[in-house]
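Participant: This structure is in structure tokens; I'll ask about it shortly.
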Amino acid sequence: MGPILETQSLGIKFGGHQAVHDVSLKIEEKKFTSIIGPNGAGKTTLFNLLSGQLAPTNGSIYFRGNDITKLSPPVRTRLGIGRSFQLTNVFPNLTVLENVRLAVQSQANVRYQMVAHFLHYKKFIQKAEALLDKVLLLDKADAKAFNLAHGEKRKLEMAMLLALDTDVLLLDEPTAGMSLEEVPAIIDVIRQIKEEGDRTIILIEHKMDLIMDLSDDVLVLFHGELIAQGTPEAVAANETVQSAYLGGMYDEQLT
């Protein structure tokens, strides 16, 4: 199975700072790929380039062999690239179920109509409930979104991302800010999505045990450059990667 997402000599400058430098990579379809590196390595900037939040200074991005370098984030989402933090349409005063139902409707390109009968939206409600069940949040379906704990809000964001039904999921530190008690639940959700085998997952994460356990492929960024790519075991044994981590520039153990 070939690459679903590819970059060629991708780079971006902010003033005199080269945040991402000539990154050429291939993301294999329906694989779980993690991107790691020290803080400031360019991981989130690379995500911003892939999702269209930023326009590159140089290089190209390809999705299923087609050049998407100049396409906007909404167009990339419709093509099949979804990113969790793009979902800013969370309504705190609506229920958890209503938030996901609206995301399902958006994917179906159906606008809300005040005069439409409730049963008209039954299929959207059923899909929203199924997604909430998948992210272990169905018991909170009737709760107002603003009452959710931080970890529960991250699960709601995950459900809304899944509602977009994209082929590629860009997950930028999904466990960030969670308590130790909350982390296992979101990891279980990510593991389930991977085991279903019908999506390509690209993850930025600092928890090395999660990366080593779930990843098929690992990319390592350092000072905006791609310095290694391979299986978790191969990357962990890479001397260049070890030097970057053991040089005191990263706060996690690589192995």
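The values are calculated or read from the model by the stated rules, or taken from the named source; none is laboratory data. This is a predicted model, so every value here is computed, not measured. Don't worry about glycine lacking a Cβ; one is built from the backbone with ideal geometry, like all the others, and counts go over all protein chains shown. Just so you know, the surface numbers come from the protein's heavy atoms only, side chains and all, with ligands and any DNA or RNA stripped out. Shrake-Rupley method; radii C 1.70, N 1.55, O 1.52, S 1.80 Å.
Participant: Pull out a ≥ b ≥ c, the square roots of the eigenvalues of the alpha-carbon gyration tensor of the range 120-255, then state rounded if a/c is under 1.5, prolate if not and a/b is larger than b/c, and oblate in the remaining case.
Facilitator: prolate
Participant: Under the rule a/c < 1.5 gives rounded, and otherwise a/b versus b/c splits prolate from oblate, where does the range 1-113 land using the Cα gyration tensor?
Facilitator: It comes out prolate by the Cα gyration axes.
Participant: What share of the DSSP beta bridges in the chain is antiparallel, in percent to the nearest 5?
Facilitator: The antiparallel fraction comes to roughly 55 percent.
Participant: How many angstrom separate the Cα center of the range 118-167 from the Cα center of the range 6-74?
Facilitator: 29 Å
Participant: Can you list residues whose amide H is under 5 Å from residue 57's amide H, if they're 5+ apart or on another chain and H is modeled 1.01 Å from N?
Facilitator: Residues meeting the amide H criterion: 11, 12, 13.
Participant: Still on this structure, I have one more. Taking a probe of 1.4 Å, how large is the accessible area per residue of the range 163-246, in Å²?
Facilitator: On a per-residue basis, the range 163-246 sits at 42 Å².
Participant: I need to check one value: relative contact order of the chain, counting alpha carbon pairs closer than 8 Å and at least 6 residues apart, in percent.
Facilitator: 26 percent
Participant: Also, quick follow-up: From the Cα gyration tensor of the range 145-195, with a ≥ b ≥ c the square roots of its eigenvalues, which class applies: rounded if a/c is under 1.5, or else prolate if a/b is larger than b/c, or else oblate?
Facilitator: Taking the square roots of the gyration eigenvalues as a ≥ b ≥ c, the range 145-195 is oblate.
Participant: To continue, here is another question. Given a 1.4 Å probe and every protein chain left where it sits, what share in percent of the accessible area of the chain is carbon and sulfur?
Facilitator: It is 50 percent, rounded to a whole number.
Participant: Mind checking the full-extension length gain between residue 130 and residue 39? Use 0.36 nm per residue of separation minus the Cα-Cα distance, one decimal, nm.
Facilitator: Length gained between residue 130 and residue 39: 29.1 nm.
Participant: Right, another one. Show me the ranking of peptides 12-22, 196-206 by mean Cβ neighbours inside 10 Å, starting with the highest.
Facilitator: Going from most to least packed, we get 196-206, 12-22.
Participant: Roughly how much of residue 72 is accessible, in Å² to the nearest 10, using a 1.4 Å probe?
Facilitator: 50 Å²
Participant: In nanometres, what is the gap between the two model label sites at residue 209 and residue 195, each 7 Å from Cα along Cα-to-Cβ?
Facilitator: 1.8 nm
Participant: What residues from the range 31-67 fall in the zone where the backbone N is under 18 Å from a label point 7 Å along the Cα-to-C-beta line of residue 75?
Facilitator: Residues 48-67 qualify, since their backbone N sits under 18 Å from the label point.
Participant: Right, here's the next one. If N is the number of residues in the chain, what value comes out of its Cα radius of gyration divided by 2.2 N^0.38 Å?
Facilitator: Rg over 2.2 N^0.38 Å, computed on Cα atoms: 1.04.
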